[in-house]
Amino acid sequence: MKDKITLIRGDITQQEVEVLVNAANAHLAGGGGVDGAIHHAGGAAIMKELKEKYRGCPTGSAVITRAGNLRARYVIHAVGPRWQGGNKGEPTLLASAYRTSLALAQQYGCQTIAFPSISTGIYGYPVEEGAKIALKTVSQYLRENPVFTTVRFILFDEKTLKAYQGAYQYVGA
Ligand code: ADP
């Protein structure tokens, strides 16, 4: 698994992969952070398609659109949980957001995907915990569904990159 999952510091909008995952909100309304960056770089077509096809998205799930001006085929808009102290099902919902994204990408025939660190920005999920869940969930999915050749975590700042490097031990061999 370690040959497929890579941790990179960078801006997800610049990645050349088939699918970019967005950390969206349940209203699919656009927002700050990575969501703002993806809509800005991708152009208005993405929001137009979201509005036409979906009426929001439950926390822990995801929806897919085309990628507008981005160098990707699709954007998957995943809704992670807002951190509320940890006893409101946050770990399960976060794992589910990653799993649903991979399942959607697989369904659309994609083999390369880039994720941001879902929920650990504005949604306040502690980044060390979020990193563990992200890496455990993705590596387990890849073991069960060996269709992806590349899964990149694009981590925006040094603190987040360090947290994911620290949790990399949770990725199986
Ligand atoms: P959430 O609301 O799910 O917490 P955020 O967008 O606020 O989503 O933050 C998720 C992570 O994405 C944070 O680590 C944030 O620093 C990071 N981020 C912000 N902009 C980008 C970008 N352009 N590319 C990759 N990651 C980004």
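Which residues, counting only those in the range 119-154, are in contact with a Gly (Cβ under 9 Å, 6 or more places away or on another chain) and among the aromatic types (Phe, Trp, Tyr)?
Tyr123, Tyr125
Looking at the range 17-48, which of its residues are modelled with pLDDT under 95 and either in a helix (DSSP H, G or I) or within 8 Å of the ligand (Cβ to nearest atom) (or both)?
Matches in the range 17-48: Gly31, Gly32.
From (1) within 16 Å of the ligand (Cβ to nearest atom); (2) touching a helix residue (DSSP H, G or I) at 6+ places or on another chain (Cβ under 9 Å); (3) open to solvent by 30 Å² or more (accessible area, probe 1.4 Å), pick out the condition that doesn't hold for Glu158.
(2)
Sort through Thr112, Thr149 and tell me the only one that's more than 15 Å from the ligand (Cβ to nearest atom), out of contact with any helix residue (DSSP H, G or I) (no Cβ under 8 Å at 6 or more places or on another chain), open to solvent by less than 60 Å² (accessible area, probe 1.4 Å) and on the phi < 0 side of the Ramachandran plot.
Exactly one of Thr112, Thr149 is more than 15 Å from the ligand (Cβ to nearest atom), out of contact with any helix residue (DSSP H, G or I) (no Cβ under 8 Å at 6 or more places or on another chain), open to solvent by less than 60 Å² (accessible area, probe 1.4 Å) and on the phi < 0 side of the Ramachandran plot, namely Thr112.
Under 7 Å by Cβ, and 6 or more places apart or on different chains, what pairs join a residue from the range 1-14 that is over 18 Å from Gly172 (Cα atoms) and open to solvent by less than 40 Å² (accessible area, probe 1.4 Å) with one that is at pLDDT 95 or above and part of a loop (DSSP other than H, G, I, E, B)?
Cβ pairs passing all conditions: Ile12/Pro116; Thr13/Leu70.
The values are calculated or read from the model by the stated rules, or taken from the named source; none is laboratory data. Since we're looking at a predicted model, the values are computed, not measured. Neighbour counts run over all protein chains shown; Cβ positions are idealised from the backbone, glycine included. SASA here: full protein model, heavy atoms, side chains in, ligands and nucleic acids out. Shrake-Rupley method; radii C 1.70, N 1.55, O 1.52, S 1.80 Å.
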